[in-house]
Structure formats: structure tokens, C-alpha cells
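Report on the structure given below.
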Amino acid sequence: MASVEIDVTRRRRRRSMDAPLTMSAELRIVLFGSRSPLQFIVSNCILGRQVFMPAECILSQSLKNLGETDGRRVSVINTPNFFEKDRTQQHIKKELKRCVCLSCPGPHAVLLTLDLEDISASDVRTVEELTKYFGDNILKHTILLLCHEGKEENPNLEDRLRKDRNLSEIMDKCGHQYHLFNKDSMGAKPLLKSIESLAENGDRFFTNYKYEEIEGSIRKEQSVIEKERGKEMSKRLRELDCLYQGEELERKRDLHLKSVRAAVREKAEIVVLDRLGFAAQAMNYAAAVGKGIAVGVLGGAVLGLMVIVGGAIIGAVLGAVVGWKLWRR
């Protein structure tokens, strides 16, 4: 039997459901699967830190975490098991909509996490739910993440395909786009390379009318917030004009504008999520604190080293307050 693995670098498509994005922007990854612990292992690997304790966590709702890998911003959206006993079709649709909100303007890759030792009918149903909600085009951006223990190269995969009807069906539906993932490995580079290759070297992502509608709402909120902060931004830029000149001034202005745009985008996302009734469950408390620190440090980098420590402390406090409010709601 011929090898089933297809080099994703050869699967280059230009479809109406794909959208362009530059390499320097955020890489968005959505994880689905019927086993939360597998998702947590993969997420920790991609983010490069212990966000989840796989043995202890049970994910009841979609959650977004941010990180940086090889100098590139990465967002990982984890989704719950749709097929727990108490999950209704209405609940599944709500979680999928929450997933859309958290991964706007669209994911570069959808990872379907599968335990190679135990692939169930629920895993097949997950693929069916994805296509039912997003359309068949979502599968062009889907990588089957076959999680296993031991050696990276699994010599029994072809035998499993012959014997495991569920695995064979899922493979056929997803065009045999898969990646073997060692549960004991902490290196994310091979996986991210497969994701970027699938996304046509990182400049394409999946979108459809569901994403476009919510992304439109976020952009409208961005415009409103930018207008509200117009005077403040102008004041900051004038301060920089007084402190720096030449190339250093341009660098400081660029850094400041990037940090402001990131903060405005984040606030706009929270406003839209809140309007849709999702904000209370969308942000990880720890992530809120970390992002607050990041904002403080960015502000310090713009205005000088003397305020970095103070900015980080204030940012952490603000992040903690935001996280606490969201958790309490």
C-alpha cells in the first residue's frame, strides 16, 4: 500500500474561501477533538509553556490563549468535547460560534487531535459537525494530528488504516492531510512548519460569511475606539517627537502605534464578545494578567526604560482586574 502522508507544501490552493495574511501577523490555530487532555498537551507544546495541566483540566467552553513561537505571535483556541452526554445541538452551535469569535478573522489551521491508539465514532462525528457548520472548505485547512507515544515514525499507520474504519473514514474526508505528533515531545517546530505549509507559507487562512460578519463588527468597534483615543494618541506622538529624532524616532513611533493597535483590537474583540454573551468565558484569567504585563512593558519600551517596571506592574494589575471581572461574571 502506498504511503498515505501527503506533503502539505504541494497542497497549494487558491480558493474564494481563503484570505491573505502576511507572515508577520498572528498565526491562528483552532483545536478540536473528543479528548481534552490531548488538546492540552498540544496547546502547551505550541505555546511553549504549561497553560493546562492535562490530567486535571476539563474544558467546558472554548478558550483562547496567546503565545510566541520563533518570534511569531500565535493564538491557540481550544474547544470542548461536543459529544458529552449533556451536549445538545443548540449547545454545539453556540460553542462553534464562540470559536468563530475567538479565531477571527479566521484560522490558518484546524487541528483535529486524535489518539492513534483509540479513534472513535465521536471523532468521525466531529468532522461531520465541522462541515455542517463551516462547510466542506474547512477540511482544506484541517490537519489530522495523530497523537502517539514512542518513535516519531509509526510503522503501523498503514496497517491501522486497513483495520480501523473510523481512521480510514476521517483520513478520506480530510484528504489525507495529517501530522504524527509524539505526546512526549515538547518541540513545536515540525507541527508549525506543517501548519504554515498548509496555509501557503503562512499567508492564507480560512474564512466564510460567519467569520466575515463577526470580523466586520470587530472592525467597526475598532474605528469607534480609535476615534475616542485620537487625542491621546496624538499627544503621545508629540511627546515622542520631543524625545527622539531620526531613525530612533521612527522606531519608537512604529512600536507605539503597533502596541496601541493591538490594544484597540483586543478591546474591540472583548466588546463584541460581550455583546454576543461570550466574554465571561472567552479569556483565561492567567492570560489576562500576562497580557496586562505585556501592555505595560510595551508602553515602557516606547517611553523609556525608567517606566518599564512601573508599566509592567500597572499592566499586571489591570490584567488581573479584567480577568477577575470576567471570571466573576
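Every read-out reported here was derived from the displayed coordinates using simple, explicitly stated rules and does not represent laboratory data. Source: prediction; values computed, not measured. Glycine gets a Cβ as well: all are built from the backbone with ideal geometry, and neighbour counts include every protein chain shown.
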Listed peptides 133-140, 242-249 by packing density, highest first (mean Cβ within 10 Å): 133-140, 242-249
Stretched out fully, how many nm does the piece from Q245 to L59 gain, at 0.36 nm a residue minus the Cα gap? 61.9 nm
When the chain is fully extended, how far beyond the present Cα-Cα distance does R165 get from K132, taking 0.36 nm per residue of separation? 9.8 nm
With charges set only on the Cβ (+1 for Lys and Arg, -1 for Asp and Glu), what does the dipole of region 35-118 come to about its Cα centre, in debye to the nearest 20? 480 debye
Can you report the principal axis dimensions of region 75-202 using only the alpha carbons, biggest first, rounded to whole angstrom? 41, 33, 25
Would you please give the residues with an amide H less than 5 Å from that of E68, counting only those at least 5 places away or on a separate chain, with H modeled from the backbone geometry? V74
Roughly what would the spin-label model give for K183 and D118, points 7 Å off Cα along C-beta, in nm? 0.9 nm
Can you find, among H179, G150, L116, the residue sitting farthest towards the positive end of the charge dipole of region 116-208, where Lys and Arg contribute +1 and Asp and Glu -1 at Cβ? H179
For region 175-280, the dipole about the Cα centre with charges only on Cβ (Lys and Arg +1, Asp and Glu -1), to the nearest 20 debye, works out at 200 debye
Which order do the peptides 165-175, 111-121, 179-189 come out in when sorted by mean C-beta neighbours inside 10 angstrom, highest first? 111-121, 165-175, 179-189
Given 27-33, 272-278, the highest-first ranking by average Cβ count within 10 Å works out to 27-33, 272-278
What whole-number volume per residue, in cubic angstrom, does the convex hull of the C-alpha atoms of region 78-145 give? 90 Å³
Where in region 26-77 are there GluC sites (Glu not before Pro) that are in a DSSP coil and have at most 13 other Cβ atoms within 10 angstrom of their Cβ? E56
What share of all Cα pairs of region 164-237, in percent, falls into each consecutive 10 Å distance bin? 14, 22, 26, 21, 12, 4, 1
Pseudo-spin-label distance E228 to A25, built 7 Å along Cα→Cβ, given in nm, is 2.4 nm
